[in-house]
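First up is the structure itself, then whatever we jot down about it.
The values are calculated or read from the model by the stated rules, or taken from the named source; none is laboratory data. Remember, predicted model here, so these are calculated numbers, not experimental data. All Cβ positions, even for glycine, are placed from backbone atoms using ideal geometry, and neighbour counts span all protein chains on display. Heavy atoms of the whole protein, side chains included, go into the accessibility calculation; ligands, DNA and RNA do not. Shrake-Rupley method; radii C 1.70, N 1.55, O 1.52, S 1.80 Å.
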Amino acid sequence: GGLKLGSSDVDTVLQTKVHSIDIPVPVHEQLDSRLALVFTGKPRLAKDILQNVLRRWARRSNGIVNTVEQLVRGAHDSVECLMRGDIDRLGTCISSYWEQKKIMAGPESGVEPDFVLRLLTLLRSKSCIVGGTLCGAGGKS
């Protein structure tokens, strides 16, 4: 359980490091009161999405490399927001993360079902949420 930040150095041999992050109790309580997990019922095939990401990464276009750098910075920014208790800024980080993940998967990947795009757009426009993302993918081919 808890919050973890994973990282690896740029090297030919991948060695991952996991850093446990202790969130201050008041921030943890804020998250508990503001975080919502919603089941969309929309399947997304993980293997299809991953194949798109790997193909795009293999090309090493400037856009993809920059997006990966932004994802790394965003992870560190998110930890900072949590340590400061800035949940609104964390919401912005989460939304940026989602936009970057969509770039990694590609526009025709199906990573974001239309229904989810419309729902997140509506909730943001009504100031019901400060951030949103999709997590997980699965399903059967």
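Here are a few things to note about the model shown:
- LEU90 vs. criteria under 30 Å from SER20 (Cα atoms), in contact with a Cys (Cβ under 6 Å, 6 or more places away or on another chain) and at pLDDT 90 or above: yes
- Taking every residue in segment 115-126 that is over 20 Å from ARG44 (Cβ atoms) and pairing it with any residue that is part of a helix (DSSP H, G or I), at least 6 positions away or on another chain, the pairs with Cβ-Cβ distances below 9 Å are ARG124/SER95.
- Pick from segment 50-66, criterion surrounded by 10 or more Cβ atoms within 10 Å (Cβ to Cβ) and of a type in the set (A, V, I, L, M), ranking: nearest to ALA105 (Cα to Cα): VAL53
- Filtered residues of segment 1-48 (kept if assigned to a helix (DSSP H, G or I) and in contact (Cβ under 8 Å) with a residue 12 or more places away in the chain): PRO26, VAL27, GLN30, LEU31, ARG34, ALA46, LYS47, ASP48
Let's see how each residue does on (1) touching a strand residue (DSSP E or B) at 6+ places or on another chain (Cβ under 7 Å); (2) under 18 Å from ILE64 (Cα atoms); (3) assigned to a loop (DSSP other than H, G, I, E, B); (4) open to solvent by 50 Å² or more (accessible area, probe 1.4 Å):
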position	(1), (2), (3), (4)
THR92	no, no, no, yes
GLU99	no, yes, no, yes
SER109	no, yes, yes, no
LEU117	no, no, no, yes
ILE129	no, no, yes, no
THR133	no, no, yes, yes
GLY136	no, no, yes, yes
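- Positions within segment 1-49 being open to solvent by 100 Å² or more (accessible area, probe 1.4 Å), more than 20 Å from ASP88 (Cα to Cα) and modelled with pLDDT under 90, in sequence order: GLY1, VAL10, ASP11, THR12, LEU14, PHE39, PRO43, LYS47
- Test: LEU82 is in contact with a strand residue (DSSP E or B) (Cβ under 8 Å, 6 or more places away or on another chain) and either open to solvent by less than 60 Å² (accessible area, probe 1.4 Å) or not β-branched (Val, Ile, Thr) (or both): yes
- Residues in segment 93-112 that are more than 14 Å from the chain's Cα centre (by Cα) and modelled with pLDDT of 85 or more: GLY106 alone.
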